[in-house]
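The values are calculated or read from the model by the stated rules, or taken from the named source; none is laboratory data. Just so it is clear, the structure is predicted and the values come from calculations on it, not from any experiment. Positions of Cβ are backbone-derived with ideal geometry, glycine not excepted, and every protein chain shown enters the neighbour counts. These accessible areas exclude ligands, DNA and RNA; they are computed on the full protein's heavy atoms, side chains included. Shrake-Rupley method; radii C 1.70, N 1.55, O 1.52, S 1.80 Å.
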Amino acid sequence: MSEPPPYPQIEPTTFDLIAVGTGLAECIVAAAASASGKTVLHLDANPFYGSHYSSLSVPELTSFLISNSTPSSPPSSTSTTTDSLDYSIVNLTTQPVYSDVEISCFYPDLLEENLRKFNLDLCGPRVLFCADKSIDLMLKSGASNYVEFKSIDASFIGDGNGKLWNVPDSRAAIFKDKSLTLMEKNQLMRFFKLVQGHLVATVAAGSSGNDGNGNHEEEGKTKISDEDLERPFFTGFWLSLLVCRIILYAIAMADYDQDDMGVCQNLLKTKDGIDRLALYQSSVGRFTNASGALIYPIYGQGELPQAFSRRSAVKGCIYVLRMPVTALLMEKDSGSYKGVRLASGQDIFSQKLVLDPSFTLASPSTSPSDLLHESFNFLSTRDVKGKVARGICITQNSLKPDTSNLLVVYPPQSLYPEQITSIRALQISGNLAVCPLGMFVLYLSALCDDAIQGKRLLNAAMNALLTFPDPVNSESSSTVQSETSEEKPTVIWSGLYMQEMSTVLHVFNFFLFSQFDSINFAPMPDGNLNYNDILDAALKLFQEMYPNEENFPETTPPENSEDDIGLTLET
């Protein structure tokens with residue numbers, strides 16, 4: 001056996017910022033810092049970009065989930081350098097952020113031929129709205145030059161009887177829809193008209209300088225009162241159950257049962273619901289070759305971190321994969337952050353540090369003061385925000401024979417009475433280069449409190465959409481039985497897992513631990529369908545690190561620039 005190649009020496013050894021982990025938030029912060037003229041070193045122990053936001057082959061995904069579902073052991077010994085007497089060595093370890101991983105392969109022979117031909121999203125299901133912050137940021141930063149998108153063909157609302165109801169996304173779609181009654185079509189049209197009138201009246205009020213309450217008779221537009229905007233969404237609106245579910249859970253993307261205040265952990269107010277409807281409506285038609293409101297990156301969601309990484313590299317950021325960081329370097333006297341120690345034994349120094357959210361700090365190897373020891377315990381505290389259950393299924397047939405890429409939402413209580421959260425399922429086909437042509441990948445997710453609840457939610461949706469083969473018969477067969485258009489697709493491979501939604505407390509908010517204000521932690525993927533909250537967290541982190549810098553300042557490209565100015569959407 002040949003020896004693994006030695007770790008490369010990194011030059012220079014001092015940077016403004018070191019980012020450890022190539023998750024989406026870390027890549028955005030690194031790109032923003034590079035665009036502001038900061039020197040940045042970006043490290044990742046993995047051989048791929050994306051970390052918890054990556055798109056991986058079947059073997060890579062399985063290995064990543066298993067390795068990140070068990071705690072790592074701190075290094076048994078730490079190499080020293082000639083000036084190690086000047087600082088304390090603080091070992092870095094990782095805590096498990098995934099649990100209850102279940103991998104099932106029902107047709108091994110069939111899958112074996114294509115194991116490396118998949119790009120499976122670790123944080124799916126995810127889509128981007130054509131008008132959301134992710135698109136605006138990619139256009140502003142130039143990251144849009146490095147990723148291409150395709151449109152999601154359709155969205156549906158599911159019920160417990162196996163019925164998928166189409167989600168109309170425009171006036172024309174409402175009129176053409178055959179699943180809605182005439183009364184429901186009128187309700188949808190009136191509701192959308194009311195929301196549009198409120199938005200127009202709000203803009204008009206803002207431009208005229210008044211509070212905007214009341215009627216604009218010349219335009220026939222009425223602004224919803226501030227009091228009503230603070231009430232729960234749909235208060236005072238008479239809509240059918242199907243129309244309510246379409247608007248609440250398939251357009252506004254509410255997570256929890258909005259009718260049960262006892263279980264709803266995130267009540268959607270009217271003002272927030274209107275903002276989400278406005279996002280959806282403004283996404284439809286923003287790009288001429290996008291058929292609906294939602295788009296998806298070709299080759300998978302892992303392309304987004306890579307796009308920002310490529311933009312960073314253009315601005316001078318240095319990237320080193322397969323390079324673990326084993327410890328932090330802290331000044332003995334002040335306890336302030338100084339740099340990191342790499343697996344190669346090399347010490348690299350920086351003013352600021354951003355860490356992957358799975359990292360935690362062990363106690364210093366030297367004997368610190370009581371205050372320093374308390375500070376490290378504080379830094380290692382994880383603020384758990386709940387769990388999200390995720391599932392991935394591979395099939396050879398589409399959920400809808402005439403539709404390749406689609407979104408299905410199961411509202412609360414649509415599958416069983418105790419279902420308190422929405423379940424989202426996103427089917428992506430081979431024409432988006434995430435799997436071989438003729439195959440489909442189905443991503444599922446649901447917010448949950450524990451693995452038992454999470455697995456029940458996922459299994460309910462999978463049983464409603466898919467057929468699971470008999471394990472005894474499938475092991476001896478290399479082909480999937482032919483399916484008619486009326487039959488549900490048969491699962492070839494599946495993976496279920498729980499993911500923590502946790503953060504580490506921001507220490508710069510506490511004056512007691514001001515010596516650690518250079519150490520920051522990136523967020524884990526959340527349970528949302530888009531990335532808006534992740535982007536907000538990343539840009540807020542950048543502004544707190546560099547309060548005097550603008551994120552991605554606009555520059556005039558040279559005349560011979562080859563960069564595209566728009567977003568690439570394939571038809």
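Modelled this way, with points 7 Å down the Cα-to-C-beta line, the labels at ASN289 and LYS400 are 2.2 nm from one another.
Put simply, when 104-112, 444-452, 290-298 are sorted by average Cβ atoms within 10 angstrom per residue, most first, you get 290-298, 444-452, 104-112.
Residue-wise HN-Hα couplings along the range 301-310, as the Karplus relation 6.51 cos²θ - 1.76 cosθ + 1.60 with θ = phi - 60° gives them from phi, are 5, x, 5, 5, x, 5, 4, 5, 5, 5 Hz; Gly and Pro carry x. Take the Cα of MET183, step 7 Å toward its Cβ, do the same at SER240, and the gap between the two points is 0.8 nm.
For the pair VAL314 and LEU437 in one chain, pulling the backbone fully straight at 0.36 nm per residue adds 40.9 nm over the alpha carbon distance.
Subtracting the Cα-Cα distance of ALA204 and ASP109 from their residue separation scaled by 0.36 nm leaves 27.9 nm.
In this simple spin-label approximation, ASP536 and VAL263 carry label points 7 Å from Cα along the Cα→Cβ vector, and these lie 2.6 nm apart.
Going by accessible surface with a 1.4 Å probe and the largest first, SER225, SER88, SER67 read SER67, SER225, SER88.
Which value, in debye to the nearest 20, describes the size of the charge dipole of the range 92-197 about its Cα centre when Lys and Arg Cβ atoms bear +1, Asp and Glu Cβ atoms bear -1, and nothing else is charged? Can you show the working numbers first?
Working: 13 positive and 14 negative charges, 160 e Å.
That gives the range 92-197 a dipole magnitude of about 760 debye.
In order along the range 288-294, the phi-based Karplus estimate (6.51 cos²θ - 1.76 cosθ + 1.60, θ = phi - 60°) of 3J(HN,Hα) comes to 4, 9, 9, 6, x, 8, 10 Hz; Gly and Pro are listed as x.
Among the lysines, which fall within straight-line cross-link reach of LYS38, defined as a Cα-Cα distance under 16 Å, with same-chain neighbours fewer than 8 residues apart omitted? Answer for LYS38, where 16 Å is the Cα cut-off: LYS315, LYS352, listed by chain and number. Phi angles of the range 119-127 translate, via the Karplus equation with coefficients 6.51, -1.76, 1.60 and θ = phi - 60°, into HN-Hα couplings of 10, 8, 6, 6, 10, x, x, 9, 9 Hz per residue; Gly and Pro are given as x. Taking amide H as placed 1.01 Å from N in the peptide plane, the amide H of SER88 sits under 5 Å from that of MET330, GLU331, LYS332, each at least 5 places away or on another chain.
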